[in-house]
Amino acid sequence: MQTRLLVLLVIGLAALAASCGSSDSAAVAPPQPSPTPPPPAVGLATGPATCISGLAADFNCSGIDLRRRVANADMGGGDGNDIWGWVDPLNNEEYALMGLTTGIAFVNVTDPDNPVVVGTLPTETIETPWRDIKVYQDHAYVIADRAESHGIQVFDLTRLRGVAPPQVFTADVVYDGITSAHNIAINEDTGFLYAVGSNTCAKGLHMVDIRTPDKPMFAGCYSDQHLHDTQCIVYQGPDSDYLGREICFNSAFTNTADNLPIGTHILGIVDVTDKAAAVTVFERDYPDAGYAHQGWITDDHRFFLLGDELDESELGFPTRTLIFDVSDLDAPVFVSAYEAATSSIDHNLYVLGNRVYQANYTSGVRVLEFSDLANSVINEVAFFDTFPAGDSAVFDGTWSVYPYLPSGNIIASDIANGLFILTPR
């Protein structure tokens, strides 16, 4: 494991060094997951398994039960990446939309002990480790990074109803305003999609009008920041200057030297109400930055929680969650960094109520609970480790987690070990 970690660090540092030598700051590459993730452990349990005395079958756990694990091979093959969820409004059936190097798998998880792989949507071009999925009005939007001219696949999820599984589907529409993108976000309140890290807009915000879901239309471009991820909302927080405005909270670094040196890792706040003239509100840097990766705002729009993807592997920190007070959008404040007892790299996190659901690679799904973020009152209350092989700071294990299913079940994607359907207690 130590040898493998060294190899990954060399690969990562070489990629960053090469990109930093470019005259185009927007060309900096995102950290790469392991190019050769280990195969799933032979005989790894599929569940169900109750978490008893810190174990659910083969998996370390606390307060979370395994309902079922679906292997990547049973979902079309390849390695896992992103995940999202969908609930059919006609019958309230719940689905996992599981990203793979080969495409997307649609898994009905309504009965968490007996999930059904309904079908797959293959990649539009070539296989890639990076795929992202979001949902708007019963349509899935799928991007891929470094996959040639992939574009954005648009798929009508109601096509999953009543089919004989497993089906191989094709996209209803492919938006070709971009070829490649690293992530997408959708503001469901406004009907706009934001592709980030794409081949356009200097890897900033490529804005798409999807209010007619199967007719995506280019809406605007914001290029002052190179984005790795974003969350865009209709702001309802305490800053009255921006009440009702559409605001994007960007995990990014600077493309210009207007406020901070080019390449500074930041929480970027941008007003995108006018898609033709998006405006930078503020760029907040933070100490000990490795790579501003992804984050989520609290339900009251007062705090933003950010994950930095390289502060563990390159700077030696334990797993960190960065807390920002954004109650004044013109002057956000870095509050502190919550440090976990693990050494794994943090990846994606999502907030639901007063809980934070994190996908922290080799240490799996972690659940934090907060009561007073202004005073850094936040603690881990549950976890499920999808990757039994260890907790080192490498790019293996849980890629992402989705905690928003009405049933209360959690779905998580593991690079090598597949889809996990989990039930917190």
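All of the numbers you see were taken from the coordinates with simple rules; none came from a lab. This is a predicted model, so every value here is computed, not measured. Here the Cβ is made from the backbone with ideal geometry for all residues, glycine too, and neighbour counts use every protein chain on show.
What is the list of residues in the range 183-224 whose amide nitrogen lies under 20 Å from a point 7 angstrom out from the Cα of Thr170, following Cα to Cβ?
Answer for the range 183-224: 214-216.
Only four residue types carry charge here, +1 at the Cβ of Lys and Arg and -1 at the Cβ of Asp and Glu. Report the dipole size of the range 302-425 about the Cα centre in Debye, rounded to the nearest 20.
So the dipole magnitude of the range 302-425 works out to roughly 520 debye.
If I model a spin label at Ala73 and Asp285 as a point 7 Å from the Cα along the Cα→Cβ vector, what separation in nanometres do I get?
Using points 7 Å along Cα→Cβ, the separation is 5.0 nm.
For the chain, what is the relative contact order in percent, using Cα pairs closer than 8 Å and at least 6 residues apart in sequence?
14
Name the shape class, rounded, prolate or oblate, that the alpha-carbon gyration tensor gives for the range 183-280, where a ≥ b ≥ c are the square roots of its eigenvalues, rounded holds for a/c under 1.5, and otherwise prolate holds if a/b is larger than b/c and oblate otherwise.
Verdict is oblate for the range 183-280.
So how far, in whole Å, is the C-alpha centre of the range 295-368 from the one of the range 53-74?
After rounding, the separation between the Cα centres reads 24 Å.
Can you grab the distance from the C-alpha centre of the range 379-425 to the C-alpha centre of the range 96-145, Å, no decimals?
17
Fewest to most neighbouring Cβ within 10 Å: what's the order for Asp145, Asp285?
Asp285, Asp145
Can you give me the relative contact order of the range 71-191 as a percent, contacts being Cα pairs under 8 Å and 6 or more apart?
Values: 296 pairs, mean separation 25.0, N = 121.
Relative contact order here is 21 percent.
Could you compute the net charge surrounding Thr280? Neighbours are other residues with a C-beta less than 12 Å from the C-beta of Thr280; K and R count +1, D and E count -1.
On the way: positive: Arg284; negative: Asp224, Asp258, Asp271, Glu283, Asp330.
For residues surrounding Thr280, the net value is -4.
Taking neighbour counts of Cβ atoms within 10 Å as a proxy for exposure, in what order, fewest first, do Lys215, Lys275, Lys203 appear?
Exposure proxy ranking, most exposed first: Lys215, Lys275, Lys203.
How big is the chain along each principal axis, measuring the range of its Cα positions in Å and listing the largest first?
Result for the chain: principal-axis Cα extents of 55, 46, 42 Å.
Arrange Thr280, Thr123, Thr319, Thr158 by Cβ neighbour counts within 10 Å, fewest through most, would you?
Details: Thr280 17, Thr123 21, Thr319 25, Thr158 13.
Ranking Thr280, Thr123, Thr319, Thr158 by Cβ neighbours within 10 Å, fewest first, gives Thr158, Thr280, Thr123, Thr319.
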